[in-house]
Structures are given as C-alpha cells and as structure tokens.
Amino acid sequence: MARIILPEVDSLTPEQQDLYQRFPANLTRALLRTGACTDGYLTLGASFRQGHLCAKDRELVILRVAALSHSAYERMQHVEIARQSGWRESDIDAIEDGDIQKLDGKTQAVVRFTDECVNHVKVTGVVFHALRCYCSEEEIAEITLLIGHYMMTARFLETLEVELDERPTSWEKMA
C-alpha cells in the first residue's frame, strides 16, 4: 500500500483525467498528488522516445538505473520494452547484475557511465571518454538526462511505496 493516498480514477477532474490517460498507471496517480508537476514529468518522459538514443540503448540505461535504485516498478514497466528492443534474457540479467564482461564494448561503456552517474553524480574522465568512443555528444547528454529522470522516478516511487500496476502501461499515449 502506498504511503500516500492515490486518487481514484473516477474521482479525477477532467484535467487530471486527461493527464492520467496519457499514462494510465499508479505512477501517474501519485504524480497527480504533486499538482502542477504531472504534465511536465509526462512530457519529459515521453520526449526520450523521440530523442537521439535508439530504443535498445534507452532501455539499457533505464534497466540499469532501476537495478541500482532497487525499483521493481521501473523494471516492471520496462523489461518487456527492453526485450522488444533487442535485449536477450541473458543480456538483461547481466545488465541488472552489473556482470558486463560478456557484453559488447558500447554496452559496457554505457553501464559504467550509468553506474558512476548514479553512484557518484559526476562520472570520471576515463568513463566519460570511454563512452565518447561510442556515442555522440548529443547521445551522452541525453543518457545523462535519462539517468537523472529515472533516478528521480525511482526515488519518487520507492519513497512513496507506489504499488506495481497489474501489467506494464503502454507508452503510446504519452507523446
């Protein structure tokens, strides 16, 4: 049970209902308790799907942040998307466990970058330059923002103990 009372869907105002329909999930119900933050949060989240990163790289970062943050909710929402974007079960296990030796160089660089960003805020020059061998400056900027977004999301979900949804929510309506 969540630490705050999530609004019931049938009690939402028309404006809240519109926001909820963009991403009909317990996360959105919790975000609605913040007032004006919900629209901006949903817009930022949806923007990553039109960014510089391919779906496979985006889901790699999200799954790693979820693992480091112990966010079952983020994992539940993204593990199937990761599979659909091309990650095999053995890859997902390695990404989540941080056991990346068997993964390709780019994946290792993204995981190391994500780990340092989550654990130390600012990544070292060595890790930054290793990622630069595989990613453009635009991709690195987007990876950094993506990490921050999902760190914030994990902290919001975990601190408020937002319950898992019955199944993953489609991101199609978020845009």
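The values are calculated or read from the model by the stated rules, or taken from the named source; none is laboratory data. Predicted model, so just to flag it, every value in this text is computed and none were measured. Here the Cβ positions follow ideal geometry from the backbone for every residue, glycine too, while neighbour counts run over all protein chains shown. Calculation scope for accessible area: heavy atoms of the full protein, side chains included, ligands and nucleic acids excluded. Shrake-Rupley method; radii C 1.70, N 1.55, O 1.52, S 1.80 Å.
So here's what we get for this one:
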quantity: Principal-axis tilt of helix 105-120 within the chain, Cα atoms, nearest 10 degrees; calculated: 60
quantity: Share of carbon and sulfur in the accessible heavy-atom surface of the chain [1.4 Å probe, %]; calculated: 54
quantity: Percent of Cα pairs exceeding the 23 Å cut-off, where the set is the stretch 78-175; calculated: 34
quantity: Distance between the stretch 1-25 and the stretch 74-117 - C-alpha centres, whole angstrom; calculated: 31
quantity: Estimated inter-spin distance, His70 and Arg88, nm [label 7 Å along Cα→Cβ]; calculated: 3.1
quantity: Of (1) 26, 17, 16; (2) 40, 19, 15; (3) 30, 16, 15, the label for semi-axes √(5λ) of the Cα gyration tensor in Å derived from the coordinates; calculated: (3)
quantity: C-alpha long axis of helix 72-84 to longest principal axis of the chain, angle in °; calculated: 60
quantity: Calculated [θ] (222 nm, deg cm²/dmol) that DSSP helices of n ≥ 4 give over the chain, each run adding -39,500 (n - 2.57); calculated: -20000 deg cm²/dmol
quantity: Accessible area expressed per residue, the stretch 80-138, with surrounding protein chains retained (probe 1.4 Å, Å²); calculated: 59
